[in-house]
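The values are calculated or read from the model by the stated rules, or taken from the named source; none is laboratory data. If you're wondering where the values come from, they're calculated on a predicted model, not measured in any experiment. For neighbour counting, all protein chains shown are included, and Cβ atoms are generated from backbone atoms with ideal geometry for every residue, glycine included.
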């Protein structure tokens, strides 16, 4: 019975020694080993052996890139405006020994360093520059934090301004200003559009008037050319027909009733040689109505000469007669 108890006790001791001797370090993790209170080595991921009751392991250190979000910080700009800025920092532990012994709490140290650096950077900028200079602020913060945390075994990879919150009154003023700018741009664009439309309309009217005038001119030229050709054709036809003065007098007499029958014709004029023209026309009409005889072969007899008293004297000036 005693032997069994001793065996069990020895087994427990062996298991305890083994548990304190054999250690397994996960991937992307490092552990610092202290021997008798002093730094001895850093355990890499995998299986490691340590001296039990002599070596002591510190807390595990994550070697992956970590993301830390800090609460909003009140920062005063160059134009004495208080804005709230919250930051996001991406960092990675590169030296577990330095991160363990060079700084007590590197997360808190990074936070305080980022706050002070941010206040220095924003204090040299006005509000508008702060809102539009995020990239330069991020670069400045990243450079300062990386330089300061290098001796802590920490690499600051990136710093981002998550949000910049100006005071409510400033936000209202900015919204009103932006709305006024948008209205101004809209009015300018509308005026430019109306101006362009008016210019295009005026140019269109000008072109249409020019084209209309050119068309009227060409039409007038063509009309005049047509009338000239018609007059030439009539003139040539008259000469080819060999119309005599007697025939013209006869046609003139035929048109006299039509001239006098018009309701608007109250006064009409006759030339001074009307009696002579009438006599010639009547003679031509009589000859045209006489039947043909055997004597026609020898030619019609000449018309009898009218006595001098048959034709009334006609004054030189034209006379005016009133007709129905």
| field | Exclusive hit being more than 30 Å from residue 22 (Cβ to Cβ) and surrounded by 14 or more Cβ atoms within 10 Å (Cβ to Cβ), set 134, 158, 56 | value | 158
| Hey, among the residues in the range 68-78 that are exposed (fewer than 12 other Cβ atoms within 10 Å of the Cβ) and free of Cβ contacts under 8 Å to residues at least 60 places away in the same chain, which one's farthest from residue 100 (Cα to Cα)? | 74
| said: For the range 33-46, give me the residue count where each residue is loosely packed, with under 10 Cβ neighbours inside 10 Å, in a strand (DSSP E or B) and touching a residue at least 12 places away in the same chain (Cβ under 8 Å). | reply: 0
| Are any of the residues in the range 134-150 farther than 23 Å from residue 69 by Cβ and at pLDDT below 90? | no
| task | Considering every residue within the range 170-181, establish whether at least one is assigned to a helix (DSSP H, G or I) and loosely packed, with under 10 Cβ neighbours inside 10 Å. | result | no
